Amino acid sequence: MKLHLREAGQAVTDHGGSLGRAAALFPHAPTPWLDLSTGINSHSYPLFDLPATAYRRLPEEARAKELAAAAARAYGAESAGHVAAAPGTQILLPLVASLVEPGAARVLSPTYAEHARTAALAGHRVEAVERFEQLFEAELAVVVNPNNPDGRIVPRNRLLELAAHLANKGGLLIVDEAFMDLGPLGESLAGDVGKGGIVVLRSFGKFFGLAGLRLGFALAAPAVAERLAAWLGPWAVAGPAVEVGLRALEDQEWQVAMRETLRVEAARLDGLLEQYGFPVSGGTDLFRYVLNQAAPDLFDFLGGRGIFLRNFANRPEALRIGLPGGEAEFSRLEKALENWRKGEGR
């Protein structure tokens, strides 16, 4: 499937986490919403009092360098020089796609749609492909690893083979590791970016549950990271995001405990979904992926009861379901699924 530039200019509307869309689809649903349409951790990193200077002053360059160093340590990059910090990874997508001259871009799909859209904005001829081997024919290749929405993992050795092939012809491999905090860490390419021909994207907001903070990172060879930082300009990351990012990235105790919490809750959600006839086909410990012919009916049924899932216009049989945030939310979902099984409203 190829994406044309005129399509790339369309507004971004097909994504999870939009309660405005939920309300438009289900205007009579009870509130508050139980939003399970995202892959954002509902157990967010605990907020703390920030110094007033974080709001009153522009971020100091030294503090921004500390943030880059913390990200390098947390993600496994060689040094702070391999890190470009940004107000979320979304803003990095067209910039990273612009690191190579416009040509053939291929995105391993189905996946997060913004990679194809922003690569087209950067002037590439974009094609969504379903076989990994097809990426070797591109100048720009994009792999989301673990994949959103199905959690697919491409092994590190295969990605390195592709990166070397692309680099030999002046191409680039982009690996979006937005969910690698909960993936098999040994498959991350963060420590390999110094070899060149690779840019790894890491999201802060998903695992730490602070998506509104808008913080993300590109990991790359130093010259590439420096180029991206220059394009972003000074003070790209707001002072509060610098301070929260620094503390959270260095808090290894919280991270270890949270990974275990999410592992247990993901297993609980798997059991619940299977109990009511929707066995899980994939996902990560922040979201589960279901393939079922009854998916459109379940989406509508739960939506009418104020529980919003992620559906897909071009894959009606698919649903992505985020983890409920604690006992009350699990109970609300289970009660709705029990009503579904009884045939209420159908």
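The values are calculated or read from the model by the stated rules, or taken from the named source; none is laboratory data. Keep in mind that this is a model prediction, so the values were computed, not measured. Ideal geometry is used to build each Cβ from the backbone, glycine not excepted, and the neighbour counts take in all protein chains shown. We work out accessible area using only protein heavy atoms, side chains counted, and drop any ligands, DNA or RNA first. Shrake-Rupley method; radii C 1.70, N 1.55, O 1.52, S 1.80 Å.
Before moving on, here are some points about what is shown:
- Solvent-accessible area of Arg156 with every protein chain in place, 1.4 Å probe, in Å² to the nearest 10: 80
- Helical content of the chain, expressed as a calculated mean residue ellipticity at 222 nm, amounts to -11500 deg cm²/dmol (DSSP H runs of 4 or more residues, -39,500 (n - 2.57) each, divided by residue number, nearest 500).
- In terms of its C-alpha gyration tensor, region 126-279 comes out oblate, because a/c is 1.5 or above while a/b does not outweigh b/c.
- Using R0 = 30 Å, the C-beta based FRET efficiency linking Ala54 and Ala223 works out to 0.45.
- Probe 1.4 Å, protein heavy atoms only - accessible area per residue of the chain in square angstrom: 45
- Rounded to 5, the percent of DSSP beta bridges in the chain classed as antiparallel: 50
- Between region 145-182 and region 31-96, the Cα center-to-center distance that results, in Å: 22
- GNM on the chain, alpha-carbon springs under 10 angstrom: the most fluctuating residue among Pro32, Pro59, Pro102 is Pro32.
- Zone residues, region 74-106, relative to Trp33, backbone N less than 14 Å from point 7 Å out along Cα-to-Cβ: none
- Rounded if a/c under 1.5, otherwise prolate or oblate - region 242-334, Cα gyration tensor axes: prolate
- Extended-chain gain in nm, criterion 0.36 nm per residue less alpha-carbon gap, Gln252 and Arg332: 25.6 nm
- Taking Asp181, Asp150 and ordering them by how much accessible surface each has at a 1.4 Å probe, largest first, produces Asp150, Asp181.
- Listed by chain and number, the aspartates and glutamates whose C-alpha is less than 20 Å from the C-alpha of Lys169, apart from same-chain residues fewer than 8 away, are Glu101, Glu127, Glu133, Glu137, Glu139, Glu161, Asp192.
- Efficiency of FRET between Glu78 and Ile153 - r from beta-carbon atoms, R0 22 angstrom, step 0.05: 0.40
- Among 81-92, 236-247, the order from most to least packed when residues are scored by Cβ within 10 Å on average: 81-92, 236-247
- When each of the peptides 159-166, 194-201, 214-221 is scored by the mean number of other C-beta atoms lying within 10 Å of its residues, the order from highest to lowest reads 214-221, 194-201, 159-166.
- Springs join every pair of Cα atoms under 10 Å in this Gaussian network model of the chain, and among Arg259, Arg57, Arg21 the largest mean-square fluctuation is at Arg57.
- Cross-link partners of Lys335 among aspartates and glutamates, defined as those whose alpha carbon lies under 16 angstrom from its own and excluding same-chain residues fewer than eight positions apart: Asp35, Asp270, Glu274, Asp300, Glu327, Glu344.
- Placing Asp49, Asp251 in order of accessible area, with the largest value first and a 1.4 Å probe, yields Asp49, Asp251.
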